[in-house]
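Asker: For reference, the structure I am asking about is given below.
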Amino acid sequence: MLSVGLTGGIGAGKSEAVRLLAAHGAVIVDSDRIAREVVAPGTPGLAAVVEEFGPGVLAADGTLDRPGLGRVVFADRERLAALNAIVHPLVARRSAQLQAEAPEDAVVVHDVPLLTENGLADRYDLVVVVDVAPEVQRDRLVRLRGMSEEDARARMAAQAGREERLAVADVVLHNDGTREDLAEQVDWLWERIGGGRG
C-alpha cells in the first residue's frame, strides 16, 4: 500500500487532481468530506462544536452552519485553532480507519487541505502539492466561487503560504494552466506511483 498526502491552497485545483487520480484507480480519503461527517447532527463532534461556539453556529434544521462558522473562524486564528482542536482528531481517526480498510496493493490518496498547516507530511509515503500562483488562486475564488475579494484574501491568509507548502512536497503539480495540462501531470504521477500496481 502506498499512502499519498495530497494538498494545495484553496482554489489551487486540488479537487480536480483528486478526481483524476480516482479515475486512475486511487482509493480516495477525503478529509473535507470526513470533516462534514464528524460534525453531522447527532454526533459528539457537533455537540463539541456547539459547546465551544454556542448554538448560533447551528442552522434552522440542526445542521452546522458552515458558512457562518467559517466567517467567525477565518477572521480569528484563536477561534480557528479551537475548531481544529475539536475536528482534526476525529478526522484523523476516521482517515486511518478508511486507509486500513483499503486493499493491500492500493494507492491511497489522502485529500488533506491543511496538511502543511497541521504538520502532517511525515504521515505519508509521498506528499503531492497542487500549486498555483496566488493571483490565479484569488481570481478563481472570486470568479468561480463567488467570494468577495476580502473573503478570498482571508481564506488564503488562513492557510499556509505557497513556500511552506512547496517545502513539504515530494511532487509538485503545477496548475496555472488548463485542465488538460493538469491531467498530463497526473498521468505522469500515476505512472510513477500506481502504474505497476494491481
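Asker: Can you tell me which of ARG155, ARG179 is within 15 Å of the chain's Cα centre (by Cα) and open to solvent by 30 Å² or more (accessible area, probe 1.4 Å)?
Answerer: Exactly one residue qualifies, and that residue is ARG155.
Asker: Still on this structure, please answer the following. Which of the numbered conditions does ARG162 fail, given that it passes all the others? Conditions: (1) open to solvent by 70 Å² or more (accessible area, probe 1.4 Å); (2) more than 16 Å from GLY13 (Cα to Cα); (3) touching a residue at least 24 places away in the same chain (Cβ under 8 Å).
Answerer: (2)
Asker: Condition test on ARG33, is it farther than 18 Å from THR116 by Cα and open to solvent by less than 70 Å² (accessible area, probe 1.4 Å)?
Answerer: Answer is no for this residue.
Asker: Continuing with this model, one more query. Tell me whether the range 107-119 contains one or more residues that are open to solvent by 70 Å² or more (accessible area, probe 1.4 Å), at pLDDT 90 or above and not aromatic (Phe, Trp, Tyr).
Answerer: No.
Asker: Could you tell me which numbered condition ALA100 fails, if it satisfies all but one of (1) among the aliphatic types (A, V, I, L, M); (2) touching a residue at least 40 places away in the same chain (Cβ under 8 Å); (3) closer than 20 Å to ALA26 by Cβ; (4) open to solvent by 70 Å² or more (accessible area, probe 1.4 Å)?
Answerer: Checking ALA100 against (1) among the aliphatic types (A, V, I, L, M); (2) touching a residue at least 40 places away in the same chain (Cβ under 8 Å); (3) closer than 20 Å to ALA26 by Cβ; (4) open to solvent by 70 Å² or more (accessible area, probe 1.4 Å), the one that fails is (2).
Asker: Tally the residues that are outside any helix (DSSP H, G or I) and among the small types (Gly, Ala, Ser), restricting the search to the range 148-198.
Answerer: 10
Asker: Which number in (1) of a type outside the set (Asp, Glu); (2) on the phi > 0 side of the Ramachandran plot; (3) without any contact (Cβ under 8 Å) to a residue 40 or more places away in the chain; (4) open to solvent by less than 50 Å² (accessible area, probe 1.4 Å) marks the one condition that GLY11 misses?
Answerer: Failing condition for GLY11: (3).
Asker: Quickly run through the range 21-39 and pick out the residues that are more than 18 Å from the chain's Cα centre (by Cα) and among the aliphatic types (A, V, I, L, M).
Answerer: ALA23
Asker: Quick one: what pairs do we get from the range 53-65, first residue within 17 Å of ASP76 (Cβ to Cβ), second charged (D, E, K, R), C-beta under 6 Å, 6+ apart or different chains?
Answerer: Qualifying pairs under 6 Å: VAL57/ASP65.
The values are calculated or read from the model by the stated rules, or taken from the named source; none is laboratory data. Everything numeric here is computed off the predicted structure, so don't read it as measured data. Glycine also receives a Cβ, built like all others from the backbone with ideal geometry; neighbour counts cover every protein chain displayed. Only protein heavy atoms, including side chains, enter the accessible area calculation; ligands, DNA and RNA are left aside. Shrake-Rupley method; radii C 1.70, N 1.55, O 1.52, S 1.80 Å.
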